[in-house]
Number of protein chains: 2
Amino acid sequence: MTKIHKIPDVVIKRLPIYLRYLQQLMERDIDTVSSQQMGEDLNLNPAQIRKDLSIFGDFGVKGMGYRVTELAEKLISILGLDKQINIALVGVGNLGAALCQYNRYQNTSTKIVAIFDGHPAKVGQKIGNLVVHPMEDLSKVVKELNIKMAIIAVPAQAAQGVADQLIDCGIKVILNFAPTLIQVPPGIKVQNADVTTELQSLAYYL
Amino acid sequence: MTKIHKIPDVVIKRLPIYLRYLQQLMERDIDTVSSQQMGEDLNLNPAQIRKDLSIFGDFGVKGMGYRVTELAEKLISILGLDKQINIALVGVGNLGAALCQYNRYQNTSTKIVAIFDGHPAKVGQKIGNLVVHPMEDLSKVVKELNIKMAIIAVPAQAAQGVADQLIDCGIKVILNFAPTLIQVPPGIKVQNADVTTELQSLAYYL
DNA sequence: TAGATTGTTAATCGATTAACAATC
DNA sequence: TAGATTGTTAATCGATTAACAATC
């Protein structure tokens with residue numbers, strides 16, 4: 001039996017950074033890159049980059065570095081970005097609506113495919129090419145559109161309730177923009193992206 | 001001479017979480033809280049909370065815990081949130097405009113007080129109670145309004161140029177929503193908040 | 001006083017980095 | 001082959017956690 005190493009979150013967070021960098025190299029028709037060069041450009045230690053990548057396989061060529069296109073493909077496959085990932089957005093206030101529009105024009109495999117709001121006045125409105133659903137439709141739409149991930153962009157006091165509903169529908173991964181901590185059972189991954197909290201911690205550095 | 005410990009970023013990021021929690025307790029008229037209780041509610045180790053807080057002073061009372069209001073005030077003071085922090089927002093696309101509106105209704109000391117855009121068509125437009133300035137006014141407005149912090153919400157290819165201009169104006173702290181790494185000289189603090197990258201790393205957990 | 005809880009030390013855990021044999 | 005660079009081990013660094021004397 002192979003020993004499964006738990007891969008640290010901090011490594012996973014670096015993978016999209018590597019990927020984006022490699023895609024920039026591809027645009028400049030650069031074929032190979034060394035960990036040394038990557039480290040300089042990304043402000044990271046080359047040994048760390050090699051170690052991160054070696055967790056997933058031997059992607060490099062000794063004496064030569066990494067083949068850019070090949071490594072990018074590997075990272076896309078590791079992250080699971082080789083097929084579209086359907087996302088539900090809950091809460092179409094200023095921030096939610098903007099995230100929806102923003103995502104629409106991004107050429108990325110993580111796609112918002114359905115939007116929801118608990119406020120009856122919002123239901124039926126169009127944001128980009130999507131119509132706002134009522135919360136009652138959540139379970140049905142999540143199943144129909146094979147939605148795997150959710151973004152919470154509702155006010156703080158509504159966030160926990162929304163999270164509970166999402167989890168009930170089988171959602172396992174949540175990006176939370178609400179300025180509050182949400183409690184979830186084991187096996188559910190929540191990433192907080194609260195702007196107010198970020199600004200407050202940045203205030204310290206002034 | 002007192003030895004100055006470099007306080008880890010990871011500790012600074014937890015302080016606003018503690019603060020928000022204490023403010024919730026205040027709303028519920030709770031006077032004191034133990035690190036044990038805080039740890040349960042915030043999913044953190046109590047020893048870690050005590051250690052974090054003890055870096056800044058002896059805020060607790062043995063046998064009793066922490067006085068909620070007092071600790072909240074201390075954290076506000078440590079973070080520098082006891083006076084308004086003026087922020088410049090650069091880039092009023094969907095996301096920038098939403099951040100501006102969102103910030104407007106947040107009751108927090110970090111305030112967006114001026115907005116800028118490099119696109120002539122945007123200049124003069126009103127977002128909430130603010131008028132979009134041209135980039136040429138950046139230096140002047142930053143001085144006039146005593147702006148200390150900036151939010152970048154421009155497309156990736158414009159981000160580095162904007163960052164350079166901000167740094168030229170004396171800005172030391174930047175929250176970057178553009179999906180690209182920006183290179184800055186030592187002494188400048190950049191926090192990345194790119195939604196696409198966050199979604200891509202979350203994809204891994206599916 | 002007895003019970004509770006802090007602040008802090010020491011132990012543990014985990015992540016980063018340096019160093020280098022393997023090898024393209 | 002000589003030079004370059006990987007993958008990986010060992011050393012280092014730093015953060016988390018357990019344990020407990022101090023003390024309210």
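The values are calculated or read from the model by the stated rules, or taken from the named source; none is laboratory data. In this text the structure is predicted, and so the values were computed from the model without any measurement. As a convention, Cβ positions derive from the backbone with ideal geometry for all residues, glycine included, and neighbour counts pool all protein chains shown.
For B:Arg50, the conditions (1) facing another protein chain (nearest Cβ under 8 Å); (2) touching a Ser or Thr at 6+ places or on another chain (Cβ under 6 Å); (3) in a helix (DSSP H, G or I) all hold with the exception of (1).
Identify the single condition in (1) at pLDDT below 95; (2) within 16 Å of DNA strand D (Cβ to nearest atom) that B:Thr108 does not satisfy, given that it satisfies every other one. All conditions are met except number (2). Of all residues in segment B:14-24, at least one satisfies being under 30 Å from B:Asn129 (Cα atoms) and within 13 Å of DNA strand D (Cβ to nearest atom). For segment A:55-72, the set of residues classified as under 25 Å from A:Met149 (Cβ atoms) and either β-branched (Val, Ile, Thr) or within 10 Å of DNA strand C (Cβ to nearest atom) (or both) consists of A:Ile55 only.
Filtering segment B:29-41 down to residues that are more than 7 Å from DNA strand C (Cβ to nearest atom) and in a helix (DSSP H, G or I), which residue is nearest to B:Tyr18 (Cα to Cα)? So the residue we want is B:Met38. Is segment B:93-107 home to any residue that is under 20 Å from A:Gln101 (Cβ atoms), more than 18 Å from the chain's Cα centre (by Cα) and of a type outside the set (A, V, I, L, M)? Yes, segment B:93-107 contains at least one residue that is under 20 Å from A:Gln101 (Cβ atoms), more than 18 Å from the chain's Cα centre (by Cα) and of a type outside the set (A, V, I, L, M). Condition first: surrounded by 20 or more Cβ atoms within 10 Å (Cβ to Cβ), within 21 Å of B:Leu175 (Cα to Cα) and touching a strand residue (DSSP E or B) at 6+ places or on another chain (Cβ under 9 Å). Can you find one or more residues in segment A:159-166 that meet it? No, segment A:159-166 has no match at all.
Residue pairs whose Cβ atoms lie under 9 Å apart, separated by 6 or more positions or on different chains, with the first residue in segment B:17-42 and among the acidic types (Asp, Glu) and the second assigned to a helix (DSSP H, G or I) and within 15 Å of DNA strand D (Cβ to nearest atom), are B:Glu40/B:Pro46. Out of B:Val141, B:Val173, B:Val90, B:Val123, one residue alone is touching a helix residue (DSSP H, G or I) at 6+ places or on another chain (Cβ under 6 Å), more than 10 Å from chain A (Cβ to nearest Cβ) and at pLDDT 95 or above. It is B:Val90. May I ask you to list the residues in segment A:26-36 that are surrounded by fewer than 16 Cβ atoms within 10 Å (Cβ to Cβ) and either among the aromatic types (Phe, Trp, Tyr) or near DNA strand D (Cβ under 9 Å from one of its atoms) (or both)? Scanning segment A:26-36 gives a single hit, A:Gln36. Being of a type in the set (A, V, I, L, M, F, W, C), facing chain B (nearest Cβ under 8 Å) and over 20 Å from the mean Cα position of the chain (by Cα) holds for only one residue in A:Ala156, A:Ala203, A:Ala193, and it is A:Ala203. Only one of the numbered conditions (1) more than 27 Å from B:Cys100 (Cα to Cα); (2) touching a Pro at 6+ places or on another chain (Cβ under 7 Å) is violated by A:Asp168, and that is (2). Condition test on B:Asp52, is it loosely packed, with under 12 Cβ neighbours inside 10 Å, within 9 Å of DNA strand C (Cβ to nearest atom) and among the acidic types (Asp, Glu)? Answer is no for this residue. Just to be sure, is B:Ala98 closer than 30 Å to A:Asn94 by Cα and at the interface with chain A (Cβ under 9 Å from one of its Cβ atoms)? In short, yes. Scanning segment B:62-103 for residues that are farther than 21 Å from B:Gly118 by Cβ and either surrounded by 22 or more Cβ atoms within 10 Å (Cβ to Cβ) or among the hydrophobic types (A, V, I, L, M, F, W, C) (or both) yields a count of 11. Name the residues in segment A:62-105 that are within 16 Å of DNA strand D (Cβ to nearest atom) and free of Cβ contacts under 8 Å to residues at least 12 places away in the same chain, would you? Across segment A:62-105, the qualifying residues are A:Lys62, A:Gly63, A:Glu70, A:Glu73, A:Ser77.
Pairing each residue of segment A:136-165 that is in the same structural domain as A:Asn103 (by the TED database) and without any contact (Cβ under 8 Å) to a residue 40 or more places away in the chain with any residue that is β-branched (Val, Ile, Thr) and not in a helix (DSSP H, G or I), provided the two are 6+ apart or on different chains, yields C-beta distances under 6 Å for A:Ala156/A:Thr180; A:Ala159/A:Ile152; A:Ala159/A:Thr180; A:Ala159/A:Ile182; A:Gln160/A:Ile182; A:Ala163/A:Ile182. Against the test of being assigned by the TED database to the domain that holds A:Gln157, in a loop (DSSP other than H, G, I, E, B) and away from DNA strand C (no atom under 16 Å from the Cβ), the options A:Val92, A:Val113 yield a single qualifying residue, A:Val92. The residues on offer are B:Leu44, B:Leu75, and the sole one that is outside any helix (DSSP H, G or I), within 14 Å of chain A (Cβ to nearest Cβ) and within 16 Å of DNA strand C (Cβ to nearest atom) is B:Leu44.
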